[in-house]
Structure formats: structure tokens, C-alpha cells
Amino acid sequence: SSHFWTKRFLFYLSSSAFPSRVDLFSMASVVAAPEWYVPVGSLKIHPALVKVVEETVCPGTGFSPDYFWSCLDQLTHELRPEVESCLKRRDELQAQINAFYERSRAAGADTSAPEMRPQCRSFLKEIGYLEEDRGPVSVATQFVDPEIAEIPAPQLVVPSDNARYVLNAVNARWGSLFDALYGFDVVPSTAVQIGAVGGAGFDLEASGKPAPPPPSGGYNPVRGEAVIEFANGLLDEIAPLAAGKWSEVKRLWPKFVGSTQQLELLLQDDTTTSLKTPSLFVGSVGSLGPPNSQGLAAPTQKVVANRPCLPDKGRIFLKHNGLHLVLEVDREDSIGKNSLSGIKDITVEAALTAILDMEDSVSAVDAEDKARVYSNICGVMRGTLQAPFVKDGKSLTRRASSDIWMRDTKGDARSLPGRVVALVRNVGHHMFTDMVLTSDGRTVPEGFVDCLVTVGAALQDLRGTGRFVNSRMGSVYIVKPKMHGPREVALTCSIFGRAEEFFGLRRNTIKMGIMDEERRTSANLRECIRAAAERVFFINTGFLDRTGDEIHTCMLAGPVVQKADMKKQKWIKAYEDANVDIGLFSGFQGKGQIGKGMWAKPDSMKAMLEAKIAEPMAGASTAWVPSPSAAALHSIHYHRVDVTTRQMQLAMRPPAKVESLLEPPLLQELPDKQAIEHELRENAQSILGYVVRWVDLGVGCSKVPDLSNVGLMEDRATLRISSQLLANWLHHGLVSEEEIRSVFEEMAKVVDQQNARDKAYRPMSTSPETNIAFQAALKLVLDGKQAPNGYTEFTLHEARRKAKTAFLSRL
């Protein structure tokens with residue numbers, strides 16, 4: 001059984017034969033395979049992985065499991081040496097950079113001074129860190145779905161180990177605007193009152209009138225009124241009427257004018273009007289007839305009768321900036337009944353794409369964890385994934401949504417995709433796994449397994465035998481993280497090319513998303529794109545990981561600025577601008593996505609609505625959001641900003657300079673003792689709050705309350721920043737090891753209190769010296785300077801495995 005193999009595997013993990021974390025995860029090592037590993041050809045494979053490949057990955061593909069494993073064996077034999085060489089090159093470059101800073105400081109140079117920058121850049125060129133710019137490059141990627149190439153929209157990132165979350169993300173293409181507004185802080189809790197000023201209730205306080213308390217439970221009609229007012233204002237903004245306002249509309253219906261339908265609307269004063277831009281109306285469904293049997297005359301004529309025989313119920317489809325909005329009309333619904341127009345909701349087309357993440361947002365440390373991830377990926381690609389759950393005492397099952405049907409303006413039936421286009425983020429080149437061992441007992445690059453499983457999962461989609469279609473253009477989209485420079489991008493191309501040959505796919509079927517999240521990739525981004533010019537569909541500024549790598553690269557240059565000041569540094573603006581500039585100059589428009597990073601405060605949707613419009617204004621055709629509701633709200637920004645036009649404007653500016661990109665975020669003057677103590681406490685609490693849930697509960701992406709109890713989305717990228725910052729300050733003497741240990745013990749009590757209501761939570765503060773999660777968190781800082789590229793994976797994986805072993809030993 002699964003439990004039997006878990007116990008045997010974890011017993012193996014605790015044995016003395018098990019390799020160290022650095023040997024196991026950062027480079028291929030020799031491991032003695034347990035006798036219960038399954039021999040397949042020259043490989044020895046964990047039974048859980050054998051099972052998922054035999055029962056889930058291979059069925060319906062036309063390829064046998066034995067063929068799958070032979071492909072992995074061949075791929076490992078051919079390309080593992082190049083992976084190891086690339087990782088060795090990373091370490092060599094970092095050692096040379098460290099030595100440069102040590103020599104400079106020993107010679108009395110101020111490495112934080114601007115005068116040092118030309119010397120630093122010359123050195124980076126000399127050692128090959130900065131590669132030769134070979135001039136313009138043109139993206140030549142073909143067969144990219146329009147959701148990626150042509151339509152700017154939000155993008156969800158979801159941990160792929162949780163089937164319910166995955167399905168929520170897959171179905172997040174369409175979302176309720178009313179629910180997103182009502183369920184968060186976009187409209188105030190008490191909403192509008194009669195006679196109050198300020199539109200949707202934002203100026204209640206300024207009106208001088210006390211707001212009554214909200215209802216004790218259930219639906220708040222006053223708050224609901226604010227939602228309707230917000231929605232009407234949004235429609236006035238993006239789909240204005242030829243005359244009147246949406247708040248004055250009391251009926252709407254499609255009307256044939258010749259052979260084409262147009263949208264007619266009846267206002268409060270019994271005059272009719274239409275959309276200022278009639279082409280925004282693209283279709284309808286349902287019973288939405290005119291107010292009388294004779295139809296309507298000219299738009300300014302009065303209507304005699306304005307009440308139909310049956311209440312209106314149907315859907316009106318609008319399309320603006322490539323995204324649909326569906327006006328849900330239902331006068332029998334409790335909300336539609338109280339809405340003048342009968343609109344009970346607006347369903348917005350929100351996240352067109354979602355990244356199913358195998359990497360930073362998951363805690364997958366062994367074969368059984370990865371088997372669950374792989375099963376979910378296969379289920380999405382084939383349309384078979386289900387997630388049972390209980391709501392209000394009823395057993396329900398969540399599934400992927402079906403396509404949406406409508407009649408277009410000519411009366412023809414048309415369908416709209418009901419789901420996102422799924423992209424899959426594999427792990428980086430630095431991860432090795434012992435769930436598969438070669439004939440000589442060596443671990444294999446985990447990304448090789450991820451790639452073959454991802455492509456195998458997509459084969460039914462490519463052949464049209466799945467329940468749903470993911471890519472209508474016949475492509476497989478893999479996002480590859482943590483690549484350092486063009487050589488590693490070329491390595492990924494080689495992996496993808498071999499996978500295509502193994503499975504008989506058209507060349508460049510597997511598309512590559514380049515995460516621009518490592519400093520060497522940012523500094524050589526044009527050459528990275530050149531290496532994947534026929535595959536690349538996506539470049540994204542992962543500013544969190546990028547900050548972590550920035551700190552690690554300049555670890556010995558001097559103490560870095562506080563975390564809150566990072567976004568004010570010169571390098572980060574150059575980094576964000578350069579990604580857009582290089583993407584536009586390389587022809588990404590119409591070929592792929594230029595992306596921006598995650599909104600980290602999942603409960604602060606009002607702030608997101610105010611701030612995240614900056615990303616499409618900066619030229620991004622997509623940006624990450626943490627939830628389907630956030631996607632629905634962020635979609636508003638893509639109606640307010642014509643991204644294609646904005647990109648054309650930005651293409652006229654001078655491109656960002658690499659000199660600014662390489663400006664390290666060093667302190668110009670040391671903070672006072674109070675500021676240092678605050679930074680230490682804040683980062684220690686953040687590290688502990690995330691690590692304890694990762695290690696003890698296997699939760700890879702958490703909403704972790706900060707010291708002010710504001711929930712922040714944390715994953716390994718944010719952990720990398722906090723741990724590297726404290727490691728940097730430790731090295732430069734701003735804090736001592738004794739202070740770090742003391743503050744970590746203090747913050748452990750805070751984190752324990754913040755998690756006190758979670759029955760599965762195990763406190764750290766009672767015995768921190770033996771608590772696995774606490775010691776892992778401390779190790780991330782104390783050993784942070786030596787961690788390869790500042791990555792946290794190795795320490796986390798080691799600790800999670802220990803925690804699993806300890807848990808089973810208590811059974």
C-alpha cells in the first residue's frame with residue numbers, strides 16, 4: 001500500500017547510507033538503492049513513481065512504461081554531464097566574485113562606492129559572467145495560443161500538489177466580479193447609505209453621517225448596493241452608453257438590425273439607447289425579449305409598455321480589449337430582483353493562463369509527493385481531475401468547467417473556452433532526485449523526470465483524445481525556473497528537443513517560459529532569448545527570487561539595504577524595465593507574454609486594485625495573482641489599459657542600461673541599532689512562520705501573518721530573500737550569531753501564538769533545540785552564505801524528510 005511504501009522509504013531516509021542534502025539535491029551522487037526499488041532496464045525506481053507512470057502517465061499515450069523509463073535513462077546519460085557542468089560553472093563564478101570583493105576590501109576599496117562599478121563590470125566581463133551582446137534577436141516561436149500571444153490578462157500560479165487548488169485555478173478563466181468585490185475590502189464593510197457622498201461609499205466618513213453597523217449575518221444589502229454601484233461605474237468606463245448611464249438601465253436585450261444583432265437598453269425615463277461602441281456586444285443567451293410585441297422604434301422614442309410577460313433571464317456577452325464580460329440577467333434572483341437592470345452579476349474573463357507549479361510553491365520532497373503532483377498534472381491535461389469536498393454537509397465534487405456557449409451577433413452558435421491554458425513549471429537544473437537511480441547508483445536531475453511526465457501528460461491533449469482541450473494550437477508550455485545565463489537556456493532546449501524526439505512530436509512543440517529571476521540571466525537576457533528563439537513564449541520578472549540572487553551574488557561586497565527598501569534600489573527599476581525593453585525589441589508582441597510578479601497580500605484587494613495597474617502600464621501583458629478572486633479584480637486593469645498600445649509607446653523609449661542593472665543594493669550608511677533589531681525580528685518571524693508550515697505540514701505556499709498580523713503570501717522565493725539578507729548582515733557584523741539565535745527563539749513564541757488555532761500545528765518554542773523546523777530555519781541563515789546561489793531547497797528538503805520520518809515513528 002501507499003502507506004507501506006512511505007514507511008519503508010522514510011526508514012531508508014533515516015539510515016546511515018542516505019546521502020547528505022548537498023550530495024542528494026545539488027549534484028548527482030552515488031546512492032545505495034533499497035532492495036524494494038523496482039528495477040526497470042538499467043534504472044532502479046521508487047515504487048510510487050513506477051505506479052503513477054504505469055497507471056496515470058502512460059495510459060492513452062501509445063507508449064509503454066518501459067519505453068518511458070528507457071527515454072529517461074537515455075536523457076540522463078546524454079545530458080546529466082552538461083547539467084553538472086553548468087552547476088559547477090555557477091559555483092566557479094560565485095567564487096571568483098567573492099574573491100574579487102575580498103581582494104578589493106582588503107586593499108582598502110569601498111565596494112559600495114559608485115566609483116567601484118566600472119571596475120566591477122570589467123571584472124564580470126573578464127570572467128565571462130557578462131557575455132558578449134551579439135545584437136538584435138527576433139523571436140520566431142510558432143503555434144502559440146492567443147491567450148498567451150495576443151490577449152493581455154492576469155495569470156494565476158497554483159501549487160500543483162493540491163487538486164482542489166489546481167481546479168480552482170483551471171476554472172479561474174471566468175470569475176464573479178460581484179463576489180470578488182463583496183468578499184474583499186474593495187468596497188467598505190458598511191457600504192453606501194442614502195444621502196452619503198462619494199459614489200460607492202468610499203467617502204462615508206467625509207459625509208459627516210455615522211454609518212450604521214452592518215447586519216449581524218448573511219447578505220448585507222447595503223454592501224451589495226455598493227457592489228452594484230461599483231459595477232455600473234466600471235461599465236460606464238469600459239462600455240459607455242450612447243446616452244445615459246448604466247445605473248439608469250432598467251432592461252437590456254439583443255435586437256436584430258438587418259442580419260446583425262445589436263444591444264438595446266431601456267433607461268429609467270423610458271427612452272432606449274445603445275452602446276457607444278456597438279461592436280463591444282458579441283452575443284447573448286437566454287430569454288431577453290423587447291418590452292413589447294411591436295418592438296421598439298427610434299432610440300429617442302418613448303415606449304408604451306415596459307413589462308414583459310416573463311421575467312428576464314439570460315446572458316449578454318461583451319468583449320473589450322480581447323476579454324469578455326458576461327452580464328448575468330435574472331430578475332428572479334435575489335440580487336437581480338433588487339437591481340434596476342436585473343443584472344445579478346458580471347462574470348468576467350479573468351485568468352487566461354495558469355502556471356501549475358512543481359517548484360517554489362510546493363513541498364514535494366520524495367517520490368510519493370511527486371506522484372501526487374504528477375497525477376494532478378495529468379488530470380488537468382486530460383480533463384479528468386476531480387476533487388471531492390464537503391460544503392454545508394453535502395458531499396460535492398469539483399471538476400474542470402465546460403466551455404461556454406452563446407449565439408453571436410449573427411445568430412450562430414459559438415463557444416468560449418471554459419478553462420485557462422495550463423502552463424507547467426518544472427523544477428530548476430540544480431535539483432536532483434533519488435526517486436530514480438541509474439545503474440551506477442547515481443541520482444538523476446529531477447527536471448528530466450518533470451519534463452518527460454509533463455509531455456506525457458499532454459500527449460492526449462495534443463492528439464485530441466482528452467476530455468477537454470488545453471492548447472488549441474497544439475503546444476506544450478513548460479516554464480523553466482532558476483536558469484543562470486544562455487548556456488543553461490540552451491541546455492533546457494536540448495532537454496525539450498530530446499523529449500520531442502522520444503515522443504514523436506513536431507519540432508518546437510514544447511515551448512519554454514524563461515523566468516528572468518537570476519542575476520546572470522537578467523544581465524544576459526537578450527542572449528538567453530536568442531538561445532531559445534524558436535521556443536520561448538514567456539519572459540517574467542520574478543523579482544522575489546531575483547532579489548535573493550542579487551543579495552547572494554554581492555554577499556561579500558557589503559551589507560545590503562533593508563528588505564522594505566529593496567524596491568527603491570536602482571537595480572530593480574532597471575531590471576523591470578530591461579525585461580520589457582528586451583522583450584519588445586525581440587518581437588514578443590503577438591508571440592508571447594512579458595510578465596510581472598506576484599501580488600503578495602491576498603486579503604488586500606483594494607490596495608491591489610490601486611497598485612497593480614502599474615504592471616500593464618509598465619508594458620506587462622500578464623502579471624501574477626494569488627487567487628481566482630484576485631484574477632477577477634486584476635482583469636479590470638486590462639480593460640483600463642490597452643497594453644498593446646502601451647507597449648508601442650514604451651518601445652520608443654531608450655532601453656534600460658545594464659550598468660544600472662548591476663548596481664548592488666548596498667547600504668550607504670549603517671542603520672541605527674533600533675532599525676537593525678526591527679529588521680532582524682521581522683525577517684526571523686517571516687522565516688519561522690513559513691518554514692514551520694513547510695517542514696511540519698508540507699505546505700509549500702502559505703499566507704503567513706507578519707509582525708503586524710497582516711497575511712502575506714510566502715513561498716521559497718520570499719524565504720530566499722529573508723534568509724540571505726540576515727546571512728549578509730551576519731557576515732558583515734550588523735548582527736551576531738548570538739543575537740540571531742536569541743531573536744529566533746523570541747519569534748518562535750510569536751509564530752506559535754499566531755498558529756495556536758491550527759490543531760495540526762506543533763509549537764517550536766517548547767524545545768527549539770530539538771525542533772526540526774526551528775533548526776532548519778536557523779540553518780538557512782547561519783549557513784546562508786555557503787548555500788548554492790542562496791537557495792533554500794536543500795535545507796528545506798532535508799528537514800521535511802526528517803519531519804516525515806519523525807511523524808511515522810510516532811504512529
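In a simple Cβ point-charge model (Lys, Arg +1; Asp, Glu -1; nothing else charged), the stretch 580-681 has a dipole of about 460 debye relative to its Cα centre. To the nearest 10, the accessible area of residue 582 is 30 Å² with a 1.4 Å probe. Only lysines eight or more places from residue 779 in sequence, or on another chain, were considered; those with a Cα closer than 21 Å are 563, 749, 802, 804. When 518, 132, 615, 225 are compared by accessible area at a 1.4 angstrom probe, the order from most to least is 132, 225, 615, 518.
In the stretch 634-785, a dipole from Cβ-located charges (positive for Lys and Arg, negative for Asp and Glu) runs towards its positive end, and of 685, 638, 731 it is 638 whose Cα lies farthest in that direction.
The distance linking the stretch 490-546 with the stretch 731-755 is 39 Å (Cα centroid to Cα centroid, whole angstrom). Compactness ratio for the stretch 501-614: Cα radius of gyration over 2.2 N^0.38 Å (N = residue count) comes to 1.25.
Please tell me which of these pairs span more than 31 angstrom C-alpha to C-alpha: 480/657; 319/480; 591/657; 370/601; 255/391?
Numbers: 480/657 25 Å; 319/480 33 Å; 591/657 24 Å; 370/601 28 Å; 255/391 41 Å.
As for pairs spanning more than 31 Å Cα to Cα, those are 319/480; 255/391.
Solvent exposure of the chain, expressed per residue, is 40 Å² of accessible area, with all protein chains present and a 1.4 angstrom probe.
Using a simple charge model, +1 on the beta-carbon of Lys and Arg, -1 on the beta-carbon of Asp and Glu, nothing else, what dipole does the chain show about its Cα centre, in debye to the nearest 20?
Value, rounded to 20: 1700 debye.
If you wrap the Cα atoms of the stretch 680-811 in a convex hull and average its projected area over all directions, you get 7.5 nm². Residue 607 sits among other residues whose Cβ lies under 13 Å from its own Cβ, and their net charge, with Lys and Arg +1 and Asp and Glu -1, is 0.
Regarding the stretch 355-399, what is the average projected area of its C-alpha convex hull, in nm²? Don't skip to the end; give the middle numbers.
Working: hull surface 16.6 nm².
Taking a quarter of the hull surface, the average projection is 4.1 nm².
Using only Cα atoms, what Kirkwood radius does the stretch 713-757 have, in angstroms? Final number for the Kirkwood radius of the stretch 713-757 is 11.9 Å.
With every protein chain kept in the model, how would you rank 341, 247 by accessible area, 1.4 Å probe, largest at the top? List each step's numbers first, then the result.
Working: 341 5, 247 65 Å².
So, going from the largest accessible area down, we get 247, 341.
Considering only 108, 712, 473, the residue lying farthest towards the positive end of the dipole of the chain is 473, judged by Cα position with unit charges set on Cβ. Residue 390 sits among other residues whose Cβ lies under 14 Å from its own Cβ, and their net charge, with Lys and Arg +1 and Asp and Glu -1, is +3.
Note on residue 390: accessible area approximately 110 square angstrom, rounded to 10, probe 1.4 Å, nucleic acids and ligands left out. Contact order for the stretch 610-661, expressed relative to its length and based on alpha carbon pairs under 8 Å spaced 6+ residues apart, stands at 44 percent.
How much of the DSSP beta bridge set in the chain is antiparallel, as a percent to the nearest 5?
Working: 60 of 90 bridges.
Rounded to the nearest five, the antiparallel share is 65 percent.
Between residue 414 and residue 706, take the C-beta separation as r, use R0 = 56 Å, and let me know the FRET efficiency to the nearest 0.05. With R0 = 56 Å, the Cβ-Cβ based efficiency is 0.75. The simple Förster model, with R0 at 51 Å and r as the Cβ-Cβ distance, assigns residue 287 and residue 70 a FRET efficiency of 0.30. Quick check on the chain: take the gyration tensor over C-alpha atoms, sort the square-rooted eigenvalues as a ≥ b ≥ c, and tell me if it's rounded (a/c under 1.5), prolate or oblate. Because a/c hits 1.5 or more and a/b exceeds b/c, the chain counts as prolate. Computed on the Cα trace of the stretch 602-706, the radius of gyration divided by the Kirkwood hydrodynamic radius gives Rg/Rh = 1.08.
Whenever you get a sec, compute what percent of the accessible area on the chain sits on carbon and sulfur atoms (1.4 Å probe).
Values: 16570 of 32050 Å².
Within the chain, the accessible surface is 52 percent carbon and sulfur.
Summarising the label geometry, the points placed 7 Å from Cα in the beta-carbon direction at residue 54 and residue 138 lie 5.1 nm from one another.
Projecting the Cα atoms of 379, 575, 496 onto the charge dipole of the chain (Cβ charges, centred on the Cα centre) puts 379 farthest toward the positive pole. Annotation: aspartates and glutamates with alpha-carbon distance below 17 angstrom to residue 245 (same-chain offsets under eight excluded): 225, 229, 236, 237, 264, 269, 270. The 1.4 Å probe gives accessible areas that order 467, 530, largest first, as 467, 530. Here the stretch 409-556 carries DSSP beta bridges of which approximately 20% are antiparallel, counting only pairs with both residues inside. Ellipsoid semi-axes for the stretch 363-467, based on the Cα gyration tensor and the rule √(5λ), read 36, 19, 10 Å when sorted largest first.
The values are calculated or read from the model by the stated rules, or taken from the named source; none is laboratory data. Fair warning: this is a prediction, and the values are worked out from it, not measured in the lab. Counting neighbours? That spans all protein chains shown, and the Cβs are built from the backbone with ideal geometry, glycine included. Please note that ligands, DNA and RNA were not included when accessible areas were found on the heavy atoms of the full protein model with its side chains. Shrake-Rupley method; radii C 1.70, N 1.55, O 1.52, S 1.80 Å.
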